[in-house]
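Here is the structure we will look at, set down as structure tokens.
The values are calculated or read from the model by the stated rules, or taken from the named source; none is laboratory data. This structure is a prediction, so every number in the text was calculated from the model and none was measured. Cβ atoms come from the backbone with ideal geometry, glycine included; neighbour counts cover every protein chain shown.
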């Protein structure tokens, strides 16, 4: 696996799974990302978060860098 993330199989009560899925959906996260966030929060709250843990990957698509050409185009006022 190239991303450095470990796949884990978790068996959940169907009602717990449904509640987590709804909660993740309410916050526009995948179920996997939401469980990862909750586990990290629990580790941090308990003072057990490893110092070498990678940060949570950023959500959404990568931003397109703005070039000088794009900046110039935005600053030009249209002529009448």
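Points worth noting:
- The set of residues in segment 1-45 that are under 24 Å from residue 61 (Cα atoms), over 16 Å from the mean Cα position of the chain (by Cα) and surrounded by 10 or more Cβ atoms within 10 Å (Cβ to Cβ) contains only 22.
- Verdict on residue 48 being under 19 Å from residue 6 (Cα atoms), out of contact with any helix residue (DSSP H, G or I) (no Cβ under 8 Å at 6 or more places or on another chain), assigned to a loop (DSSP other than H, G, I, E, B) and at pLDDT 95 or above: yes
- Criterion violated by residue 56 - all others in (1) without any contact (Cβ under 8 Å) to a residue 24 or more places away in the chain; (2) assigned to a helix (DSSP H, G or I); (3) surrounded by 10 or more Cβ atoms within 10 Å (Cβ to Cβ) satisfied: (2)
- Test: residue in segment 24-45 that is without any contact (Cβ under 8 Å) to a residue 12 or more places away in the chain, part of a loop (DSSP other than H, G, I, E, B), at negative phi and out of contact with any helix residue (DSSP H, G or I) (no Cβ under 9 Å at 6 or more places or on another chain): no
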